[in-house]
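This report concerns only the one structure given below.
The values are calculated or read from the model by the stated rules, or taken from the named source; none is laboratory data. Just so it is clear, the model here is predicted, and its values are computed rather than measured. Cβ placement follows ideal geometry from the backbone for every residue including glycine, while neighbour counts extend to all protein chains displayed.
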Amino acid sequence: MHELISFTRGVPPTEAFPTAALAEALAASVTRDPAVVLQYGQQQGYPPLRALLAERHGVRADEILVGNGSLQLQDLVASVLVRPGDTVLTEQPSYDRAIATFRRRGARVIGIPLGDDGLDLTRFAAEVARQTPAFVYLVPDFQNPAGITTSAAHRRAIVALAEQHGFWVIEDVPYRSLRYRGTAEPQLRELGDSRVITMTSFSKLLSPGLRVGYMIAPAALITRVTREGENQYLSPVLPTQAAVAELLRQGLLDDTIAALLTLYRPRWQAMLQALDQTLPGVPHSTPDGGFFVSLTLPPDANSADLVGRARAAGLLLTDGRAFFAEPLADTTPAGERFVRLPFCAVTPEQIAEGVRRLATLL
Ligand SMILES: Cc1ncc(COP(=O)(O)O)c(C=O)c1O
């Protein structure tokens with residue numbers, strides 16, 4: 001049997017981890033500050049890390065909560081903000097675990113179709129006018145799963161609607177610093193911060209195993225979410241937060257990001273090139289960064305049991321339906337025809353071969 005090629009999880013490859021620097025930073029931070037780092041407490045996060053992040057983002061430390069990865073923060077925010085009967089809006093498609101998390105907290109999760117510039121603004125405006133959601137969840141930079149970046153005009157319109165109707169906007173931006181070309185769009189929080197919750201994570205920049213993610217939001221909301229976190233896990237994991245602080249202090253985060261861009265850029269190019277050459281008739285997203293390219297197969301493509309047939313051909317794919325929330329009444333989700341192709345944890349050779357196998361199945 002030939003080598004199995006995995007286009008499934010959006011995880012960094014082992015060679016992406018700054019292992020030696022992290023080992024040193026963990027040892028140094030535990031040795032320097034055991035009374036805090038090895039103790040209960042600091043429910044809002046390790047104070048030196050919060051101070052460094054506050055400086056980096058130009059906000060106050062009481063507007064930052066550092067928790068055990070951003071998925072857990074999404075869960076805490078949903079448990080604070082979602083009331084029975086509430087809706088949560090997402091892009092359609094969206095990050096599968098976020099959809100599942102919001103549903104678990106009781107929300108009805110509705111997907112607004114995603115175009116090349118972000119979610120469909122006309123449908124979004126109509127939906128928020130019909131029922132004010134608890135929040136809208138967006139991955140505006142190099143979206144997981146589609147690879148789309150929301151335009152500045154869409155960002156401005158979404159923030160304006162949030163302020164007008166009084167709902168929260170979560171901008172989840174773990175891929176934002178992994179840009180392979182072009183210039184960044186403004187963050188939603190830069191366009192109006194009273195209704196914006198920014199979430200991000202060191203999972204894609206240092207290591208997912210650290211479980212360090214953080215959110216930026218108005219201090220009153222941070223206080224409520226911190227209390228929820230304390231009720232659920234007592235204290236966050238402090239040694240890894242302290243190690244991240246150590247790396248930031250030494251200026252090593254930016255060096256690590258530069259090394260990731262060098263590692264990932266050829267993989268990103270290989271994926272776009274393989275799709276153009278091997279599947280020329282199937283339109284795909286053309287992200288400027290991040291982990292994912294996606295495509296929606298044409299209605300007449302052979303998409304039945306694509307995941308099963310791909311596995312038999314030595315290719316692992318995620319079932320596209322997982323990325324789709326409840327559709328708006330007048331839309332038909334194309335989940336079974338949606339294919340997410342993460343390219344960072346596979347070599348250019350594996351990418352070319354994986355796309356070739358995919359093409360044989362359609
Ligand atoms: C958009 C998005 N948000 C959140 C996460 C989870 O991040 P963390 O490891 O910080 O929980 C992921 C991981 O794939 C992701 O793609």
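Go through 39, 72 for me and flag whichever is modelled with pLDDT of 95 or more and away from the ligand (no atom under 16 Å from the Cβ). From the options 39, 72, the qualifying one is 39.
Restricting 89, 81, 119, 114 to those that are out of contact with any helix residue (DSSP H, G or I) (no Cβ under 8 Å at 6 or more places or on another chain), more than 24 Å from residue 205 (Cβ to Cβ) and within 16 Å of the ligand (Cβ to nearest atom) reduces the list to 114. In region 144-169, of all residues being closer than 13 Å to residue 119 by Cβ, within 16 Å of the ligand (Cβ to nearest atom) and of a type outside the set (S, T, N, Q), the one that is farthest from the chain's Cα centre (by Cα) corresponds to 169. Apart from one condition, residue 358 fits all of (1) part of a loop (DSSP other than H, G, I, E, B); (2) touching a residue at least 60 places away in the same chain (Cβ under 8 Å); (3) out of contact with any helix residue (DSSP H, G or I) (no Cβ under 6 Å at 6 or more places or on another chain); the exception is (1).
Scanning region 144-160 for any residue that is touching a residue at least 40 places away in the same chain (Cβ under 8 Å) and closer than 24 Å to residue 236 by Cβ turns up at least one such residue. Picking from residues in region 325-355 that are under 30 Å from residue 106 (Cβ atoms) and part of a loop (DSSP other than H, G, I, E, B), the one that is modelled with the highest pLDDT is 325. Using the structure shown, decide if residue 96 is closer than 17 Å to residue 335 by Cβ, in contact (Cβ under 8 Å) with a residue 24 or more places away in the chain and of a type in the set (D, E, K, R). So residue 96 fits the description; yes.
Taking region 204-306 and the helices (runs of 4 or more DSSP H) fully enclosed by it, the elements with 3 or more residues that are of a type in the set (A, V, I, L, M, F, W, C) and in the same structural domain as residue 335 (by TED's automatic domain parsing) are at 252-278. Of the helices (runs of 4 or more DSSP H) entirely within region 1-99, those holding at least 3 residues that are buried (at least 18 other Cβ atoms within 10 Å of the Cβ) and either in the same structural domain as residue 217 (by TED's automatic domain parsing) or touching a Ser or Thr at 6+ places or on another chain (Cβ under 8 Å) (or both) occupy 19-32, 47-57, 70-81.
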